Amino acid sequence: MLIPITDLYGITRTFQVLDSWAARGSTPSGTATSEPQTDEPIGTLLCVHGNPTWSYLWRRLLVSAPPGWRVVAVDQLGMGYSERIERPRVLAERVDDLGRLTDALQITGQGRSGPVVTVAHDWGGVISLGWALQHQDQLRGAVLMNTAVHQPEMATSPLLIRLAHLPLVNQIACRWTPLFVRATTSLTWPRLPKGVRDALAAPYCSAARRYPVGEFVDDIPFAAGHPSNSAVNAVADGLSGLDVPALLLWGPRDPVFGDVYLRDLQDRLPRTVLQRYELAGHLLPEDEPEYAGTVWQWVGRLGLAGRKVPVSRERPPVLTQLRLRAHDDDPAVVQVGGRSISWAQLSGRVHDIGAGLTAAGLSPGDRVALLIPPSIDLTVALYAVWQAGGVIVVADRGLGVRGMGRALRSARLDYLIADKAGLFAARLMRLPGVRIAVADNWAPLKKLALVGLTLPALAADGVGRPAAPDAGPDEEAAVLFTSGATGPAKGVLYRHRQLRAQLELIRQTYALTAADRIVAAFAPFALYGPALGLPSAVPQTDVTQPGRLTAAALGDAAAAVGATVVFASPAALRNVVATAADLSEPQRLALSTVRLVMSAGASVPAELLRAVGGILPAAALHTPYGMTEALPLTDISLTEIDSAGPGDGVCVGRPLPGVCLRIAVLDHAGDPAAQLTEQPGTSGEIWATADHIRDRYDAQWATDMAAAGHPGWHRTGDIGFLDGQGRLWVQGRTVHVITTARGPVTPVGIELRVQAAVPAGGTAAGSHAGVAAVGVGPAGTQQVVVVLAGDGGPLAPTELTDVVRAAAGVEVAAVLLTRHLPVDIRHNSKIDRVAVAAWATKVLSGG
């Protein structure tokens, strides 16, 4: 939007400003409304670009902003799409302009803005710091990226800038031609996509629009008599008194601002923390897209978020996207090999069945088990239950009939909706509740299956009835049972506000837009398409048995919906790779357009991701870390996995925006401490907090009490540590810690090192799926035993034992071989180390 100000000389000047708070009051056409925002933000990020960029540079900060935060990005006068002015603007004038602009935007440090955090890059750094020194009562923190406020003694000033200072070079490179502009957008690794380069250069498309670029260069003082020299010195000298936290994000591959300028800033600012991105250069916001998450993570620790913004305003109800497309005849869900349903049909069915459920007696808060495989029927039933105000209850079929029955009975069911197989399973599991059949053509079986209602009958009864009011953000929405891989399945209760937060985090993390199409081959995400407003396809496979997904089935699903995003478990991807030779050319073509693959549910080996990349060549390969109680918490790409290299565990990336991680340090007996720390390199139990973390465990008071010492935090049960770059490394589960006489030992690092060292063919394929490190003996004096999947044994040959002991990094008492290591059915990759330890104990005791 355009904002007029009266400048230092009484002249009206017009700024182009991107203001997220004003955008919230825009009309569908995008024009600002005159109605002011009545609520108040938690705080404001004031973003100032350098030369020759513009506010487009800050787009990732805008789209990833946590609820309640205002983001203001300015185009400086003469730059971007702000007014071109008749004479050069010097530093002092630009600092004054910024102050007048923030006054016009009612950025005061309170009320309509909240405390201010400045964010700046390049020459915007000194301008933002000049503003900060004049507005210290409003300031809460400062973020700086590849900038400088002083030319350190004995340091050579940037050659590129000195060359651009030469009058003829300045005219040719900065004004007459786009050389300076285009060269700046080329200072990235890897090279930016053409669309992004063009967007950065768009405001400077002619010589008339480029002349401020040259003037900006001229304003950098290299001599004592320069008009801006005194202003720069005033900023540099004033920084020692700027007693606010500062975050420095630095790209060391910068040919303009080297490390000497970084050290100068660290010396001048009293309270700095640094994040280096070793592969980034001058345009750090483009080189390192995850910088935005780092900024928000740091901002979240400034203590500004004590007041919660009502989430119902910030995050609309789960059904909103579905309703917005209620008149859209495009496919919403495609069931490959079966039916498809349009948005209009889906919206109508959900409304009618939801109204029918209400008429049949379902009350808000009633619990409804869904015993239907991922399909259109499941999608309709799920959203219809939410439409009626009910709470869905879902347990994975991988638990088996006994495990599912135990879990679902604990959930106090009022209703269950099922297909034929689900209805008969419900009888075997002795489940309570009114039975609702998916179809009504099973008359001979209704009595046997105790069917009381059917979805078609409910839909017919619901036609013309009003929909129930939307559930409030604090109402219960779902009880989702854990996989049971590390103990009995627990019911995890989510409220609507937490589901809304999860959906928004997924949207932001993976930059999902209306142009995306999803193939959901991972059960937790099989139903998120309608809530995200995105078409989705369900592959022709049982997603509750992911290891059966073939490459051909994935290709067909991608073709059916024009997929750009694939969600799949590691087990599914492993079989996709194994069956890739069966792909037809149309299937390969469909997979070649996928831009993103996300795999979760278990550790994903880098080798598997690389193999997947050979089948989906255009896809960015990501693996988030999380669990049923909190997904996602972190995310890491294959590039980042390779950059992190080997370590004492699995690197799962940095916390996502709004996620905070801490470590409860293990004592000598392997028990987590009561206090939480973020000290790098300290192993212990991982704790997490975020808006999308589960509300509580259902019917598990004692489990909830185990985390009562830190309200609002989730005790993950995983062991790991944070490294010096803020990345999380996972080292196993608390129940798998080996308590030796020398102290606790975690298994995953041992397994990875052994896996890397064992000769090819010595274990099963995959990461550490073919190796298990377990403890044998009494707690406190346990011995480390390594068990390999392979032929022979149970005692490993001497040569193999020597290799394992040399690689393990800890003292290994014995190396054993077994034909198969037990893994849980659902993930096909999580080793049951408890069972392995029991087997090893038996073997070593003569069994």
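The values are calculated or read from the model by the stated rules, or taken from the named source; none is laboratory data. Note that the coordinates shown come from a computational prediction; the quantities given were computed from them, not determined experimentally. Glycine gets a Cβ as well: all are built from the backbone with ideal geometry, and neighbour counts include every protein chain shown. Remember, those area values only see protein heavy atoms, side chains included, never the ligands or the DNA or RNA. Shrake-Rupley method; radii C 1.70, N 1.55, O 1.52, S 1.80 Å.
Details
- A Förster distance of 35 Å, applied to the separation of the beta-carbon atoms of SER186 and SER340, puts the FRET efficiency at 0.20.
- Per residue, the Cα convex hull of segment 534-622 amounts to 84 Å³.
- Aspartates and glutamates whose Cα lies under 14 Å from that of LYS490, excluding same-chain neighbours fewer than 8 positions away: ASP396, GLU629, ASP695, ASP698, ASP704
- With respect to the chain, whose longest principal axis is taken over its alpha-carbon atoms, helix 229-238 is tilted by about 50°.
- Charge tally for LEU445 (other residues, Cβ to Cβ under 15 Å; Lys, Arg +1; Asp, Glu -1): +3.
- Taking the convex hull of Cα positions in segment 50-204, its mean projected area over all directions (nm²): 10.9
- Once you divide the Cα radius of gyration of segment 62-104 by 2.2 N^0.38 Å, the number left is 1.43.
- Stretchable slack from ALA618 to LEU179, in nm (0.36 nm times residue separation minus alpha-carbon distance): 155.0 nm
- Percent of Cα-Cα distances greater than 17 Å, calculated over segment 388-518: 68
- Potential extension, LEU450-ALA581 segment - 0.36 nm per residue separation minus Cα distance: 42.5 nm
- Proximity of backbone amide H atoms, modeled 1.01 Å from N, is registered between ALA814 and VAL786 at under 5 Å, excluding neighbours fewer than 5 places apart on the same chain.
- Fully extending the segment from THR513 to GLN700 would add 63.5 nm, taking 0.36 nm per residue of separation and subtracting the current Cα-Cα distance.
- The phi-based Karplus calculation (6.51 cos²θ - 1.76 cosθ + 1.60; θ = phi - 60°) puts the 3J(HN,Hα) values of segment 717-725 at x, 8, 9, x, 8, 9, 8, x, 9 Hz, whole numbers, x for Gly and Pro.
- Whole-percent P(r), segment 73-129, all Cα pairs, 5 Å bins from 0: 4, 16, 26, 28, 16, 7, 2, 0.
- Diffusion constant of segment 583-660 at 10 °C, which comes from Stokes-Einstein with the Kirkwood Cα-pair radius and 1.306 mPa s, µm²/s: 118
- Gap separating the Cα centres of segment 775-814 and segment 102-127, nearest whole Å: 59
- Each part reduced to its alpha carbon centroid, segment 724-750 and segment 346-372 end up 46 Å apart.
- Eligible lysines near LYS447 by straight Cα distance, threshold 17 Å, same-chain separation 8 or greater: LYS420
- With DNA, RNA and ligands ignored, accessible area of TYR9 (1.4 Å probe; Å², nearest 10): 120
- TRP54 accessible area, assembled protein chains, probe 1.4 Å, Å²: 40
- Based on every Cα atom in segment 508-659, Rg and the maximum pairwise Cα distance Dmax equal 14.5, 43 Å.
- Note on segment 374-464: Cα-Cα pairs beyond 20 Å make up 34% of the total pair count.
- Cubic angstrom per residue, convex hull over Cα atoms of segment 198-302: 140
- Nearest-0.05 FRET efficiency for ARG271 and THR108, computed from C-beta distance (R0 22 Å): 0.40
- Whether segment 639-687 is rounded, prolate or oblate, judged on the alpha carbon gyration tensor where a/c under 1.5 counts as rounded: oblate
- Taken over segment 626-665, the alpha-carbon convex hull comes to 94 cubic angstrom per residue.
- Sequence of TRP131, TRP189 from largest to smallest accessible area, 1.4 Å probe: TRP189, TRP131
- Largest to smallest accessible area among ASP440, ASP259 [probe 1.4 Å]: ASP440, ASP259
- When DSSP beta bridges are restricted to pairs lying wholly in the chain, around 45% turn out antiparallel.
- Taking all protein chains as they are arranged and a probe of 1.4 Å, the heavy atoms of ASP330 leave approximately 90 Å² accessible to solvent.
- Convex hull of the chain built on C-alpha atoms - directionally averaged projected area, nm²: 39.0
- Quick note on segment 169-247: its Rg to Rh ratio, both from C-alpha atoms and Rh being the Kirkwood radius, is 1.11.
- When the convex hull of its Cα atoms is viewed from all sides, segment 280-408 shows a mean projected area of 14.0 nm².
- Accessible heavy-atom area order of ASP329, ASP556, ASP219, highest first, probe of 1.4 Å: ASP329, ASP556, ASP219
- Database remark: amide H of ARG367 closer than 5 angstrom to the amide H of VAL391, ASP414, TYR415 (H placed geometrically; neighbours at sequence offset of 5 or more, or on other chains; Pro and chain starts carry no H).
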